[in-house]
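Report on the following structure.
The values are calculated or read from the model by the stated rules, or taken from the named source; none is laboratory data. This one's a predicted model, so the numbers in the text were calculated from it and none came from an experiment. For neighbour counting, all protein chains shown are included, and Cβ atoms are generated from backbone atoms with ideal geometry for every residue, glycine included. In case anyone asks, the SASA skips ligands and DNA or RNA and just uses the protein heavy atoms, side chains included. Shrake-Rupley method; radii C 1.70, N 1.55, O 1.52, S 1.80 Å.
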Amino acid sequence: MFPVPQHLPRSGGDKISSKITENNPDPNPDSDPVLDLIQPLLNNESKFTGNQVKDVRQNLENAVNENKRKTHDLLINNFPSISTQIQLSTSLHSDISNVQFKLSKLESEIDPSDTKISFLPPLIDSLNRHFSASSSRSAAQSHVKALKTLSKRVEKVKRFEEAVWTARSADEWVLNQVIVEKGFTVVEDEDERIGEKVLQGTKLMLAIQAKESLLKSMVIEQITDGFNSAISFSAPVHGKGASLSVQSHIALQHPRTTPPRHFSSATSTHYPIAEIYNALSKLALLDELLRTLTNRLQKDLIQPIVSSSYRASISSTDKLSILRLTSSSSRSPIDALQDIKISLDFIADTVFPSSSSLPERETFLSSLSTSAFQSILDSLIHPALPSSLDGVSGWLSIIQQAVEVETTFSKQGVLAKFFERDAGVTWAQQRRYAVADEVRRLILSGWGGWENESKGKEREVITYIEVEVDEPMSIDEPEIKEPTNGEDGFGWGFDVSPEKEKVKSLEKPAAREDVTMEDDGWGFEESSSVAGPSSPPKATMTPPTKNEEGAEEEEDGWDLDPSPSPSQPPSVAEPESNVTSLTDSQVIAKPAKPAREAKRLGKKVAKVKHEEDEYDSWAEPVNPRAQNGSSSNKANHLTPVPSPKVNITSIPLPESKENSGDDGWGWDDDTNNKVTSQASSSTARPEVKEPPRSKKRKEMREEKSTIRENFLVSTSCETLLGIAKSVLTEIEAMKSSKLSSPAFDISTLEPILIEAIKEVFTLYRALLPTHFANQLRDVPSLSMQAYNDTLHLSTLISSLAVGLNLQEEKERLEALGDHIFQSQLEVQRIGLIDSLEELDGLEGTSEEKIFRKAEKSIKGLIHNLESLSRVVKPILPTSKYLETISYLLTTLIIKITNDILNLGDITEIESHRLTDLIKLIYPLEGLFENHGGVVRFVNGWLKFCYIAEILQASLVDITYLIDSGSLVDFTSDELITLVRALFASSEKRDTVVEKIEREGTSGGSNSSTTLINEERGFSIDR
């Protein structure tokens, strides 16, 4: 094998491989094929066997044979190319040998020292002489051409300089020389080109080029100055506007430097202004000068005409034309349009006359007219936008005339586009901004000084009336049987009619003795002066009041009421219709009559009942335990008391029955004793039969009534609503009117104007709470009036238009009103709670200093509540006023109630002083005097008042109150804690505690439960 040269192709060489290479396609580049074959022998440390040597030898022979075969195949496949290369190399070798031989022979024949034999030296000398002669001739010719070119160049420079010094720079040939990019001559033939090339870079040529550059700048300056002097402006002075002067012919100025001596002065040439424009156009200076001229015309002529009271006038002669602006005291938009037309015509005919016929003219006039009419749009049309729809027709008339003027200068200008497409939207947007500005001024100027006026609203309430209806019954009436002891033992009066009671009392012998209060074992002191739960005692003694018959009412004491006064004759009152107010899921039950009652508590609670309805013996009893949880759980924690959710209104109450002898609880006590005693002499029991009569049954009927509430709202509300109504009126007017502009399409403008109406209330909601933030926080009257304003506006917003979707704005106004109202309530509540927190939970009132501090603080809170009541009562509707006062009063009594119930130990002096502190709050029930009483509005009022009773009561009194159901508002834990705090550990106290734990606070008997807290009447608002 022989190595293949690098320049030869190596096709087929990839097929030369050993068997090992074929078995191992990716061998290690560092490995040797032969060594790989004998590797089994080299790596074997033990002695190799004959078979191994034989295998290695066989593999080596196979590899050698395979290489030979592949080499032969490679040679055969590449034989043509190999053969060609061999032939070329043989021929090349032969040619080189021949050249070398002939060269050697030639060298041997030539002798450089012998001129007769050698021919090269004479030839070389001839060639040198010929080259020198040719070079000298070319240099001479170039020099001659350069001198001729220089001569011509100097003559042209002198002529050009003469034209500049004689102010003839606008001549055609001068301009042609100036516009040449390099130099001032155009190469005409080959000789001049050669001369320019020879002179290039010489000092003489550089001096000529500097001279030419100077003359070129002087030409440009002369023509530019000539243009500026042809069209000149004068500044405005003393009531006169700027003026524009235009010269029809202009003479260029001579250079300001000293002219050369060989130049004599010559008369200046006057060029028409059109030639000046042509010269500037050739020098590529016209565009920049026209832009400057456009800006100057816009600033000094057009803008003063459209924005100020200036009139345009023209005066002209053969050589000079002047456009002057003079001030005018009265100028209409039509006059401004005519002046703009005059000015544009003057510019088109005089400033840039049509004789110029340059392409820059059309561009200049189009740009100037566009800017002029844009100024008319910005400074004349837009400021004249009418504030209402009434002035739109006149405004559109002005635009139409402006469009007519614009048409004479351009077919489709800015005014035409504005009139056809944008006029309506622009007016609507401007109207929208004007409405927003009007609302801002109304609010930011003080909201009309918060002046108010009285408004009223009607509110529908549902009243449930209990009436008696006849129930048909058979003619055969069963005889009246004498009740058994079991039947007569209760005496509740639920199942016996008043007539039957009378008959029964006549039949039954008088075996009952009057009950005295001396040894009844209840521990009630007749001389006690503690007030009842719902009617606290007054500071001064008042004489006993009289009832309708003139009899004095019995003194309010703890005496039990054994029998009615003898002055009151027994009477059986016919049942009347009782008016009660119930919720949808509530039926008020009248209490069952206990055998005996504490007259003091009975009368006080009865007073609350008597303000609302009379005793109804037909009502069904209600489980007090079901009511106990709902009324007492609210007092267990000191969270912010929610404002009442039921709007409470004054409901007409029935008059109390005359001669009824009822003490307010609906219990007869012993009013029938007198009748019984009168019938005691009767020994026989005659059977009395009543004639058959229809039975009576009671049912609840729903009655709807409308009440009117007055409140104060700001007079600015009507102003605000009037702004929105004015926009709505314009929308309706646009639907029926036909305006000249197609841009006033109602389908396009109505959404914009509706947004303007919505923004009236949006800006009100955004600006009023922020602008008056401090006042709304610190002045309750203003915050409540703002609350009334929002609700009043939300009510009136629906009356704007049926088709407008303003429900979202209405809801947002109501939400703002609720936020203002709740924020003010929270401010008052926080102030109230902070004052009470300073009392440290009413602990240590046995100390005089602490008691006086608590007394002063509570009196201050009472004064604040009374002052707040006087302030907001004439402002808010009655229902909202009651909600506000009841919320704050509820917060006050619940805080004090919780503080007292959380006391671990209450001494005797503390119990008296805590009672005094509670009694300080009693006069606040006068705030609800004409609205059905405090109980129906203030949650926990009876519980609060009963705490004062418990603080002064004995264990017997507390047991009686539990049995009578008066303490159902207390939870068992609260009552047990209070009892343990008041009384020392004893068997009797433990008995009461066990009774409470066993039976709860309702006494364990539904029949003896007095559900006082459920004696309230409510109205349902719709």
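Return the carbon/sulfur percentage of the accessible area of segment 791-859, one whole number, probe 1.4 Å, all protein chains in place. Ligands and nucleic acids excluded, carbon and sulfur reach 49 percent. Subtracting the Cα-Cα distance of Lys152 and Asp905 from their residue separation scaled by 0.36 nm leaves 257.8 nm.
Accessible surface computed residue by residue for segment 124-174, with neighbouring protein chains in place and a 1.4 Å probe, gives 63 Å² per residue. Take Ser357: with every protein chain present and a 1.4 Å probe, its accessible area is about 100 Å².
Legend: calculated FRET efficiency, Val827 to His238, from the Cβ-Cβ distance at R0 = 60 Å, rounded to 0.05, equals 0.40.
Can you work out the FRET efficiency for the pair Lys859 and His771, with r the C-beta to C-beta distance and R0 = 41 Å, to the nearest 0.05? Efficiency computed from Cβ-Cβ geometry: 0.65. Spacing of the modelled spin labels on Ser737 and Leu75, each 7 Å from Cα toward Cβ, amounts to 11.5 nm.
Surface composition of segment 946-989: carbon plus sulfur atoms contribute 50% of the solvent-accessible area (1.4 Å probe, protein chains only, all chains present).
Approximating the spin labels as points 7 Å out from Cα along Cα→Cβ, the Ser388-to-Arg440 distance works out to 2.3 nm.
What whole-number value in Å² describes the accessible area per residue of segment 684-800 for a 1.4 Å probe? Let's see the in-between values first.
On the way: 5750 Å² over 117 residues.
Accessible surface, normalised per residue, equals 49 Å².
Relative to the current alpha-carbon distance between Gln400 and Val180, full extension at 0.36 nm per residue lengthens the span by 74.0 nm. Between Lys988 and Lys919, the C-beta separation translates, for a Förster distance of 25 Å, into a calculated FRET efficiency of about 0.35. Taking 13 Å as the cut-off, the amide N atoms of segment 129-157 that come nearer than this to a point 7 Å along the Cα-to-beta-carbon line of Lys211 belong to 150-157. For segment 840-893 and segment 701-727, what is the centre-to-centre distance using only Cα atoms, to the nearest Å? So the separation of the two Cα centres works out to 32 Å. Measure up Lys341/Lys417; Lys919/Lys995; Lys738/Lys758; Lys145/Lys203; Lys211/Lys319; Lys455/Lys810 against 24 Å on the Cα-Cα distance and list the ones that go over. Pairs exceeding 24 Å: Lys919/Lys995; Lys738/Lys758; Lys211/Lys319. Taking only protein heavy atoms and a 1.4 Å probe, the accessible area of segment 864-904 is 48% carbon and sulfur. With a 1.4 Å probe rolled over the protein heavy atoms of all chains, the accessible area of Phe233, Phe928 falls in the order Phe233, Phe928, largest first.
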